[in-house]
Amino acid sequence: MIVTKSVPYTEIKKQLKKTDKIGVISCNTCARLCGTGGEKVMKQLASKLKKDKFNVVDVDLIGTPCNRDLLHKSQLHGNVQIVLACDAGVYNLKKIFPKHKIIVANKTLGVGAHEGGKKITIVKKF
């Protein structure tokens, strides 16, 4: 699995305009296990943005955004996408949707092993 940590909310907000139409996209595999993605974190981020008067038009939970085939099926709304995924998911989104502004919400740390429960050990740092 790929291990990520969240970018601070203030850093994400700095990259947004109130006029942006924002989509929040999340990985539901590695990022969910790291607590940096998944449905709960995605909805929390969308809610926080809405509370701060940003125009969130879509949320999209994708099993593995590093799998390009799953992204081709996805219909993204808005012109700005905040991505709760590792660098591979971000890379695919940038390639498939080049006209969208892509905001990275997770920092990729390395390859890890999930040891049950919530314990994750980084076995190779990037």
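Which percentage, to the nearest 5, of the DSSP beta bridges contained in the stretch 2-125 is antiparallel?
On the way: 10 of 26 bridges.
Counting only bridges with both partners in the stretch 2-125, antiparallel ones make up about 40 percent.
Using only Cα atoms, tell me the angle between helix 38-51 and the longest principal axis of the chain; keep it within 0 to 90° and round to the nearest 10.
It works out to around 30 degrees.
What number, rounded to the nearest 500 deg cm²/dmol, is the helix-based mean residue ellipticity at 222 nm of the chain, given -39500 (n - 2.57) per DSSP H run of at least four residues and division by all its residues?
Working: 5 runs with 40 residues, N = 126.
Rounded to the nearest 500, it is -8500 deg cm²/dmol.
If you split all Cα-Cα distances of the stretch 51-113 into 10 Å bins from zero, what percentages do you get per bin, shortest first?
Taking every Cα pair in the stretch 51-113, the percentages come to 20, 55, 21, 4.
From the phi of every residue in the stretch 101-117, what ³J(HN,Hα) in whole Hz does the Karplus formula 6.51 cos²θ - 1.76 cosθ + 1.60 yield, where θ is phi - 60° and glycine or proline is x?
7, 10, 10, 7, 9, 10, 9, 7, 9, x, 9, x, 10, 8, 10, x, x
For VAL56, which sequence-distant residues (separation of 5 or more, or a different chain) have an amide H within less than 5 Å of its own amide H, given hydrogens modelled in the peptide plane?
ILE22
Equivalent-ellipsoid semi-axes (√(5λ), Cα gyration tensor) for the chain, whole Å, largest first?
Largest first, the chain gives 24, 16, 12 Å.
List every residue whose amide H lies under 5 Å from the amide H of ILE82, counting only residues 5 or more places away in sequence or on a different chain, with H placed 1.01 Å from N in the peptide plane.
Counting only residues 5 or more places away or on other chains, the set is GLY23, VAL24, ILE25, ILE103.
Multiply the residue separation of THR10 and HIS77 by 0.36 nm, subtract the distance between their alpha-carbon atoms, and state the gained length in nm to one decimal.
21.8 nm
Which order do peptides 46-57, 103-114 fall in by mean Cβ count within 10 Å, highest first?
103-114, 46-57
Looking at this model, which pairs from LYS51/LYS125; LYS48/LYS94; LYS5/LYS53; LYS17/LYS124; LYS43/LYS125; LYS13/LYS99 are more than 31 angstrom apart at the alpha-carbon?
LYS51/LYS125; LYS17/LYS124
What ranking do MET1, MET42 get, fewest neighbouring Cβ atoms within 10 angstrom at the top?
Fewest-to-most ranking of MET1, MET42: MET1, MET42.
Work out the length of the dipole vector of the chain about its Cα centre, built from +1 on the beta-carbon of each Lys and Arg and -1 on the beta-carbon of each Asp and Glu, and round it to the nearest 20 debye.
I would put it at about 380 debye.
Describe numerically, in nm with one decimal, the distance between label points set 7 Å from Cα along Cα→Cβ at ASN67 and at MET1.
Each label point is offset 7 Å from its Cα along the Cβ direction, giving 1.7 nm.
Can you list residues from other chains, or at least 5 along the same chain, whose modelled amide H is less than 5 Å from the amide H of LEU109?
Correct list: VAL3, THR4, LYS5.
None of the figures in this text is laboratory data; all of them are computed from the coordinates on show. Just so it is clear, the model here is predicted, and its values are computed rather than measured. Note that each Cβ is placed from the backbone with ideal geometry, even for glycine, and that neighbours are counted across all protein chains shown.
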